[in-house]
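Some notes on the structure that comes next.
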Amino acid sequence: MTLSVVGAALLIIGLTGAYVAARVREGVPAPGWFPDPSSHSAQRRWWDSRAWTARVEPGEQPAVRGRRFHGRFWGRSWVASLVGAVVVLVVGSAVYTATDAIHVMGVASLVGMALVCWAFYRFVNRQLALDDVIGPLEVLAVVVGTSGAVLLVAANVNSWIIDGPGIQTASALVGLVEEGTKLIVPLALFVLGRYRDPRAGIAVGLASGFGFAITETVQYAYQTASATGPNFCGTGTVDSSSATVVQEQVFRIFTVSPLHWLWTGIAVAIAWRLWHLHGRRGTLGAVGGILLVMVVHSLNDSSITSTCDNPTATSLLALLRWVLLVVMYLTFRAWARKSTPPQLVGQVSRGWDPKHLPSDRSHG
């Protein structure tokens, strides 16, 4: 059975599972007027059960805000998962280095990456109460579906471009190919009328990014260990030693892979909110957000091939990738926090209180 067949099966199973498992949720909390979380003045804003709208009216008191790194920022569930990921990677790396058994590193990469993904999901859940709008089984189904899409679509398209036009062209188009692959399941579910709540959309977007990150990370464990011939830049021989495999896997799990779910999370947070509030009129902004993410993704990957003959620039880009990770998290947070539900305003850390919400003063 080829990987493409496995991919097709996983895509169908995951998409069908997410569709069937979806249940009708009325939105939490119910529609109503609440202190405006984006204003320092005493006004109220309308929550339509799924998102903050532009409707505001005079209120009696301003919204209560949280403090930075306070309230729901810290949580046992996500911290424990992150610690678990570190333990798995340390043990797996040690065993792999001692035995050179690549399956050990493959399993460690799978479990470690999954735990890092779960840690981030539980962190975001504490800020947005995702459990109110989508369940863990549905999240898992999306992860499985996107894993299948990676094997069926992204892997084949990227290989075709590399074998044809070449690696530079592949790097330039990687954002279109990989972000497009990650959006297959979320967009299909949206078209089918599932998970249209902006918070549910964010959860689905993150889950899709998780599926991509987990699948790609495991693939790289095997590819790096079995690589031969010239290196990526063609300036030397590939180093496939166990130490290099461990180093690259750990770096990927904590820097490169998180970008995958942050990029998809940003695109979905923008699109789902605009479509919910503005319907078809929000499509231009939604598509613009998706294209922006694709461009940033491609620029990130293209930068690698552009500095092959400059070790200093390569080292600088490695450092800048950490900066990019922080910027992408802040961008994701800026859009996701627009959907922080009323019951959590003032309880989440200040960075997750909704800000920059639209204003259209009205009464009733």
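List of remarks:
- Residues that are at pLDDT below 90, of a type in the set (Gly, Ala, Ser) and either within 21 Å of ASP131 (Cβ to Cβ) or crowded, with 16+ Cβ neighbours inside 10 Å (or both) are absent from region 306-321 altogether.
- Test for LEU173: is it at pLDDT below 95 and closer than 30 Å to VAL287 by Cβ: yes
- Residue-level check: of (1) farther than 20 Å from ASP132 by Cβ; (2) free of Cβ contacts under 8 Å to residues at least 12 places away in the same chain, SER109 misses just (2).
- Only a single item in (1) assigned to a helix (DSSP H, G or I); (2) open to solvent by less than 60 Å² (accessible area, probe 1.4 Å) is not met by ILE13, and it is number (2).
- Output for region 198-221, where each listed residue is of a type in the set (Ser, Thr, Tyr) and open to solvent by 10 Å² or more (accessible area, probe 1.4 Å): THR215, TYR220
- Scanning region 161-175 for residues that are over 14 Å from HIS297 (Cα atoms) and without any contact (Cβ under 8 Å) to a residue 12 or more places away in the chain gives ILE162, ASP163, GLY164, PRO165, GLY166.
- Check on VAL83, surrounded by fewer than 19 Cβ atoms within 10 Å (Cβ to Cβ) and under 24 Å from the mean Cα position of the chain (by Cα): yes
Every residue, every condition in (1) out of contact with any helix residue (DSSP H, G or I) (no Cβ under 9 Å at 6 or more places or on another chain); (2) in a helix (DSSP H, G or I); (3) closer than 23 Å to PHE210 by Cα, yes or no:
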position	(1), (2), (3)
GLN61	yes, no, no
ARG67	no, no, no
VAL86	no, yes, yes
GLY92	no, yes, yes
MET105	no, yes, yes
ALA108	no, yes, yes
VAL116	no, yes, yes
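- The listed residues are GLY145, GLY92, GLY135, GLY180, and the only one of them that is within 28 Å of SER303 (Cβ to Cβ) and either open to solvent by 10 Å² or more (accessible area, probe 1.4 Å) or small (Gly, Ala, Ser) (or both) turns out to be GLY180.
- Taken over region 241-273, the residue count meeting the criterion of being open to solvent by 10 Å² or more (accessible area, probe 1.4 Å), modelled with pLDDT under 95 and more than 16 Å from VAL218 (Cβ to Cβ) is 5.
- Check on LEU324, open to solvent by 40 Å² or more (accessible area, probe 1.4 Å) and within 21 Å of the chain's Cα centre (by Cα): no
- The set of residues in region 305-329 that are out of contact with any helix residue (DSSP H, G or I) (no Cβ under 7 Å at 6 or more places or on another chain) and among the hydrophobic types (A, V, I, L, M, F, W, C) comprises CYS308, ALA313, LEU316, ALA318, LEU319, LEU320, VAL323, VAL326, VAL327.
- Enumeration of residues in region 118-138 that are in contact with a Leu (Cβ under 8 Å, 6 or more places away or on another chain), of a type in the set (A, V, I, L, M) and assigned to a helix (DSSP H, G or I): ALA119, VAL124, LEU128
The values are calculated or read from the model by the stated rules, or taken from the named source; none is laboratory data. The structure displayed is predicted, hence computed values, not measured ones. As a convention, Cβ positions derive from the backbone with ideal geometry for all residues, glycine included, and neighbour counts pool all protein chains shown. All accessible areas refer to the heavy atoms of the entire protein, side chains included, with ligands and DNA or RNA removed. Shrake-Rupley method; radii C 1.70, N 1.55, O 1.52, S 1.80 Å.
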